[in-house]
Amino acid sequence: MDSPKNRHHHHHHPHHHQPNGDFKTHVPKKPKVSTFIADSEVQAEFAHHDPSVARINNGSFGSCPASVIAAQQQWQLRFLRQPDGFYFNELQKGILESRAVIKDLINAEDVEEISIVDNATTAAAIVLQQIAWDFAEGRFQKGDVAVMLHYAYGAVKKSVEAYVKRAGGRVVEVQLPFPVSSREEIVSEFRKALERGKVDGRKVRLAVIDHVSSMPSVVIPVKELVKICRDEGVDQVFVDAAHGIGCVDLDMKEIGADFYTSNLHKWFFCPPAVAFLYCRKSPRSSDLHHLVVSHEYGNGLAIESAWIGTRDYSAQLVVPSVLEFVNRFEGGIEGIKKRNHEAVLRMGEMLAKAWGTNLGCPPDMCSSMIMVGLPACLEIWSETDTLKLRDHLRDSFGIEVPIYYRSPKEGEVGPITGYARISHQVYNKEEDYFKFRDAINKLVDNKFTCKLLPE
């Protein structure tokens, strides 16, 4: 859209009068009704899901209820009805309200610490872009180190390569076991990686830590790892929690990271795509910039992110409506999270028992997702096999579930090399998991192996 020259002076700093974001919004903190949402109402909210598919993969794309989709469409229509009035009078106010809701949910100190972006991948690139400038402008030296987990998300690994390696940084990966048996295993390997990073007097400038790793899915002890980083003099800590809000406990003051991002469309029922990026207040906060430079450049990351040109901002504006939705459930988002964890653990144990396999981690290291070993006789021998088997389950059985390939250890006898990552969200029923159980049992009975599938 055209850029009216003087527009900045009267619309984009409405929050300066509430320095801590402590203002009243119309968003109810408690359910308006005396009874909680019924099962039939939950199913109605997700009636747009394909009924022929056992959708046990909420972790990839999340899910959005019909009431939130309707709220999003109302925002879209308000823009289309009178774009200029919407831009000048409603957009910034609405995004600020969403930021204030997020601030309270994650216990941040100040609404100024919350920016809303498209997804966790975008947030990671914003943080890593700053690191690249630190190298380019001489604040960091060639060979200074970034530490990240071996099973960090693939897109974030690519971002580290694009921004940190290319700028002259050295990347050290934390080698993590899988299956994992304890938090101590992860802490120990993390300490070893930091020691490797500091060889020859190098400085560790950044640690990238997952809160819930994607594949394999394991809850990482972030508080302990952040504390180790502080004790060891790591400059900055970035927690990539793509599966954070609605999936694990989030408290910015307790976790203590410099940067923390989480998608809101995965486990918090927002439409795609929307995420928050928390940046703890520091003298260098002004160095962070959105990747897309528009008219708001230099006004702080939160304001830059709230206008990156003409586009659909409705996913960012429905956060208060999502809060209304989750508060229809007993215990709100905390209750949903607890019940999802209990249900996915119960279903994971049922599947492992049915197949004579094991889970990928102890119960306290899974969230609303858990890794379940698949029978070794399926002969899953590569990542290509996992993709072929996933396609086969989708096309032939109507089951959507991602599969992880684990390289066997030397000398391992009858290794389990394939693990399914199952998710549980409020719309799931036990029948979804029984359908998966029976499909795998049928493949085993038919002496199926992955090599029978076409390339």
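What follows is calculated from the coordinates using simple rules that are stated; it is not laboratory data. Please read all numbers here as calculations on a predicted model, not as lab measurements. Here Cβ is always computed from backbone atoms with ideal geometry, including for glycine, and neighbour counts include all displayed protein chains.
Quick rundown of the values:
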read-out	value
Which of ASP438, ASP39, ASP144 has the fewest Cβ neighbours within 10 Å, and the rest in rising order	ASP39, ASP438, ASP144
Zone of ASP438's modelled label, taken as backbone nitrogen in the range 46-68 under 15 Å from a point 7 Å along Cα→Cβ	52-55
Coarse-grained scattering of the range 95-324 at q = 0.11 Å⁻¹, given as base-10 log I(q)/I(0) from a Debye sum over alpha-carbon atoms	-0.52
Axial C-alpha extent at least 30 Å, average Kyte-Doolittle at least -0.5 - helices from the chain (DSSP)	332-355
Simple label model, 7 Å out from Cα along Cβ direction - LEU452 to SER285, nm	6.0 nm
Per principal axis, descending, Cα span of the range 332-452 in whole Å	46, 33, 23
Rg to Rh, two decimals, where the range 281-388 supplies the alpha carbon set and Rh follows Kirkwood	1.18
Reachable aspartates and glutamates from LYS388, criterion Cα separation under 18 angstrom, eight or more residues apart if same chain	GLU379, GLU400, GLU455
Per-residue Cβ neighbour rank within 10 angstrom, fewest leading, GLU254, GLU112	GLU254, GLU112
Structure-based [θ]222 nm, the chain - -39500 (n - 2.57) summed over DSSP H runs of at least 4, per residue, nearest 500	-11000 deg cm²/dmol
For the range 293-336, average projected area of the Cα convex hull in nm²	4.1 nm²
Contour minus Cα-Cα distance for LYS429 and ARG166 (0.36 nm per residue)	90.0 nm
Trypsin sites (Lys or Arg not before Pro) restricted to the range 268-370 and DSSP loop, no more than 13 other C-beta within 10 Å	LYS281, ARG284, ARG311
Extension gain from ASP39 to SER382, taking 0.36 nm per residue of separation minus the Cα-Cα distance	119.5 nm
Residue order, fewest to most surrounding Cβ atoms within 10 angstrom, among ASP251, ASP445, ASP240, ASP134	ASP445, ASP251, ASP134, ASP240
Estimated Rh, the chain: Kirkwood, alpha-carbon pairs, angstrom	23.4 Å
